[in-house]
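Working notes, structure below.
The values are calculated or read from the model by the stated rules, or taken from the named source; none is laboratory data. Note that the coordinates shown come from a computational prediction; the quantities given were computed from them, not determined experimentally. Ideal geometry is used to build each Cβ from the backbone, glycine not excepted, and the neighbour counts take in all protein chains shown. The area values use the complete protein model at the heavy-atom level, side chains included, leaving out ligands, DNA and RNA. Shrake-Rupley method; radii C 1.70, N 1.55, O 1.52, S 1.80 Å.
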Amino acid sequence: MSARREIPLAVREAQARASDPGTSAFVAANAGAGKTHVLVSRVIRLLLDGVSPEKILCITFTKAAAANMAQRVFETLGRWVTLDDAALDAAILATGAAKPSAKTRQRARELFACALETPGGLKVQTIHALCTRLLQQFPFEANVPARFAVLDDRDQSEMMERANLAVLLEASRAPDSAVGRALATAMAYAADVTFKEVVREACLSREHFIAWAGQAGGLEAARMQLARTLGITDDDKLADIERDIVDGPHLPRARWKDIAAIFMTGSKSDHDQANRLLAAFALSGDAQLETYFSVFLTQGQEPRKSLFTKKLGDAQPGLVQTLSDEAARLPALLEKRRAVIQRDRTAALLIIASAVASHYRAEKQQRGLLDYDDLIDKTLAMLANVSSGWVHYKLDRGVDHVLIDEAQDTSPRQWDIVDRIIAEFTSGEGARDGVRRTIFAVGDEKQSIFSFQGAAPREFDHRRRELERRFTHAGSRFAQVSFKHSFRSGRAILNSVDRVFRDAAIYKSIHAIDNGYPLHEALGDAAPSLIDLWELEKVEERPAIEGWQAPFDAVSETSPQVKLARRVQAEIAALIANGTMTGPANDRRPLRYGDILVLVRRREKTFNAVIQALKYAGIPVAGADRLKLTEHIAVIDLMHLADALLLPRDDLALAVALKSPLFGLDDDDLMTIAPDRSGTLRSALRECAGADAKLKAAHDRLESYERRAVKDTPFTFYAWLLGGDHGRARILARLGPEANDALDEFLDLALTYERKAPASLQGFVAWLRAADTDVKRDMDIGRDEVRVMTVHGAKGLEAAVVFMVDTTTSPSDSQRLRLIRMPQGNADPRGLSVNVWAGAKADDPAAVANARAAMLTDTEDEYRRLLYVAMTRAAD
């Protein structure tokens, strides 16, 4: 957020009201409205008001946000120590506080030391860190291991793999068991990868899928409940329904040939019907059914407008009646068949997922581990346990003020934890005599884009109303505050945002309040702004070529993604070359590469094409904001080196390592030693080393690596290679500073591996290759590089120039619609629901279709919130 001098009085008053330490507040802040500034100001005003640091609890969404908030508080307090009275008065007034007295100034100058020296200090942490601390304090009450460890994503994936494998082996050993039959059913409907993903989703969706079976009263009861939801009974059998379809009373299978012969007497469209019937007669199983349905239904599963030509109908009135009766009979059977399939596949998934979840829970318990969901579940259970009321009391006595950042990203169960912590703030003597207790939350439901992590944007308005009711009823002051002025964007940008979201259907998809579409106001000194809309890049016509002549894996240079990437690159080059100015109107400066942000929805073709185009043009680019570690070229080189050291006859691995920056050989060097060798590449390198200084240096380095790899642990070996042998410097010289993140994560994983398993190089490389480790790079850094990233990753960031280059894909094309939740009757939609494994087809029964429609609506709503976030990244 850039500094502004011209802040309207109304904005300052709203900030002061939100940061008032004597009033609980719920702040709805537009993008760029300065919510972090207000949150920090409120913390400082609480401290100025005499509140001890340990009485304040700040909950943020990410570790980075927590660190940023704490840093800003300490920077402000540290600066106050050095200010004279006049400057300190101005700084205190800037937080929204009243004009300070001499005593207030003295308190302000003591706050920095007070915050540093207080045991426990300021509690600024994520909700998971808070839960970890609470469970560590009260392991007995929470029924958790006293020295539990938190399971990271990588370990969780490994444990899920082991649990899956154990269940699959159990099913294969006993194919007639419940798990064996369930596996046979499930595998008939899903490919291996898809099935594994569905099982993982079901196991980790413990609030819904696993909890559903428990609350229903067991697996069989859940199956019966599911059947009722789908409008069938538990006795309905798929084989009976399918037999009834093909051998019904009107058009049994035995008559298909005769009917086809009648169709053949008609026109071409009648001949097509005859061919469909004959094809169905020649088939069996699902293929026969699908082909038979095609006689009556289109490819889109809609009834055919005409089953026969008028001429044939006039000539064969009996055929007309037969087909009409059959067409009227089939839809109900088709619907029933789909429902039974979904019942059976969901029941199969329930059996398998329950078995996998049981193995997963058992291993966690044996090893004393909790995953992130466990942290939430165990903490909530502990706080809700009547028998552990003294825990509530202790927490109550320890926290008087709770502040929640990014409230729109807080899940319902996380909100429930906050509710338990502040339960005594508004009841009985909880607001202890002489002690003022407050809640403060700030967020923007329009920026809720993390539903995959449990965020529920509609909770934002629900919790705001509930908190206001509770605090007002208790006689405490409560303020609802809105921040509409942007400290980030100019008037043209903000007007465009208002215009895009003006229509009621669009506005209501991102905002719960019914008093009109969101309004955004620019400050008076905001810089001029410009929105440039480009024509879509289209696919060029290309001459047809034989398959064997087509490029194997290259993206066509005439593809829309490549053309768009080149246009982005040319535009960036022109902006820099033309000396484009940026910054607020009172502080203009030339545009730099670090002022440019390129946003995409997913890391796919456009994402890679833009990075490639920028690199080829020599434009500094920060690289991918998230990457798979084992796909980074630097890590690939390190792993190939390990392969070459472990397997001396692996010539390919050695060749890759020799061409890496670690050795610096090129194709010409390899052509010197490789083509006419009689033995391994290593022996050929040894033979040629005496006649070539470059090859000798490579050979000597390889031998030194081999000696170190034999006696050192993986971490020690790679730490020496990258540090003592200057391997990192050689890698960075070729690949650039972006490789630093991958190398650091690689070393961190090597150290992590040594804590978990025998420290062997072979074991580490195998463990690493089996991983699916992502490296998230910090893009909020000061390097002068263009940033290319997803909208999710860009939340909280800003840039002077923002490109939105991935705007034409469907909102739902990235969503794998696998488990669909269907609320039971008039149940609370935030509560338990039946989960149906409906696959990805659009031919579901009515109940599932309605649930899918709701799911698609939620997807489209989040798509629009992504658009809002992307449009509001533009600064100055």
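With R₀ set to 30 Å, the beta-carbon distance separating residue 631 from residue 290 gives a calculated FRET efficiency near 0.15.
To the nearest 20 Debye, how big is the dipole of the chain about its Cα centre, given +1 on the beta carbon of each Lys and Arg and -1 on that of each Asp and Glu?
It works out to roughly 1560 debye.
Over segment 285-331, the alpha carbon radius of gyration divided by the compact-protein estimate 2.2 N^0.38 Å works out to 1.21. Ligands, DNA and RNA left out, the 1.4 Å accessible surface of the chain is 52% carbon and sulfur atoms. For the pair segment 580-612 / segment 636-707, the C-alpha centres are spaced 41 Å from each other.
Ranked by the mean number of other Cβ atoms within 10 Å of their residues, highest first, the peptides 345-353, 603-611, 760-768 come out as 345-353, 603-611, 760-768. Here the gap between residue 716 and residue 499, fully extended at 0.36 nm per residue and compared with their Cα-Cα distance, gives a gain of 72.3 nm.
Using the Cβ-Cβ distance between residue 671 and residue 860 with R0 set to 56 Å, the FRET efficiency from 1/(1 + (r/R0)^6) comes to roughly 0.50. Remark: the residue 506-residue 93 segment gains 144.7 nm on full extension, using 0.36 nm per residue and subtracting the alpha carbon distance.
Once Rh is set to the Kirkwood radius over Cα pairs, what Stokes-Einstein translational diffusion coefficient, in µm²/s, holds for the chain at a temperature of 4 °C and a viscosity of 1.567 mPa s? In µm²/s, the coefficient rounds to 40.
Protection proxy ranking for 744-750, 801-807, using the average of other Cβ atoms within 10 Å per residue and placing the highest first: 801-807, 744-750. Taking a ≥ b ≥ c as the square roots of the eigenvalues of the Cα gyration tensor of segment 577-677, is the shape rounded (a/c under 1.5), prolate (a/b larger than b/c) or oblate? Cα axes put segment 577-677 in the prolate bin. Using the average count of surrounding beta-carbon atoms within 10 Å as a protection proxy, the listed peptides 79-88, 408-417, 102-111 rank, highest first, as 408-417, 102-111, 79-88.
What accessible area per residue comes out for the chain, rounded to a whole number of Å², with a 1.4 Å probe?
Per residue, the chain has an accessible area of 48 Å².
Kirkwood analysis of the Cα pair distances in segment 1-127 returns a hydrodynamic radius of 15.1 Å. Cross-link reach is defined here as a Cα-Cα straight distance under 26 Å, omitting same-chain residues fewer than 8 places apart; for residue 237 the lysines meeting it are 336, 841.
Please compute the contact order of segment 665-716 in relative form: average sequence separation of alpha-carbon pairs under 8 Å and at least six residues apart, divided by the residue count, as a percent.
Dividing the mean separation by the residue count of segment 665-716 yields 24 percent.
Evaluate the Debye formula for segment 634-784 with equal point scatterers sitting on the alpha carbons, no solvent, and hand back log10 of I(q)/I(0) at q = 0.08, 0.13 Å⁻¹, in q order, two decimals. Each listed q maps to, in turn, -0.24, -0.62. Given their separation in residues at 0.36 nm each and the Cα-Cα distance between them, residue 283 and residue 128 gain 50.2 nm when the chain is fully extended. Distance between the pseudo-spin-label points of residue 588 and residue 707 (7 Å out from Cα toward the beta carbon): 6.4 nm. In straight-distance terms, cross-link reach from residue 123 covers every one of the lysines whose alpha-carbon lies under 30 Å from its own, apart from those fewer than eight places away in the same chain; here that gives 35, 55, 63, 99, 103, 364, 378, 394, 446, 484, 776, 795. Candidates 633, 579, 623 compared by Cα position along the dipole of segment 554-647: farthest toward the positive end lies 579, with charges placed on Cβ.
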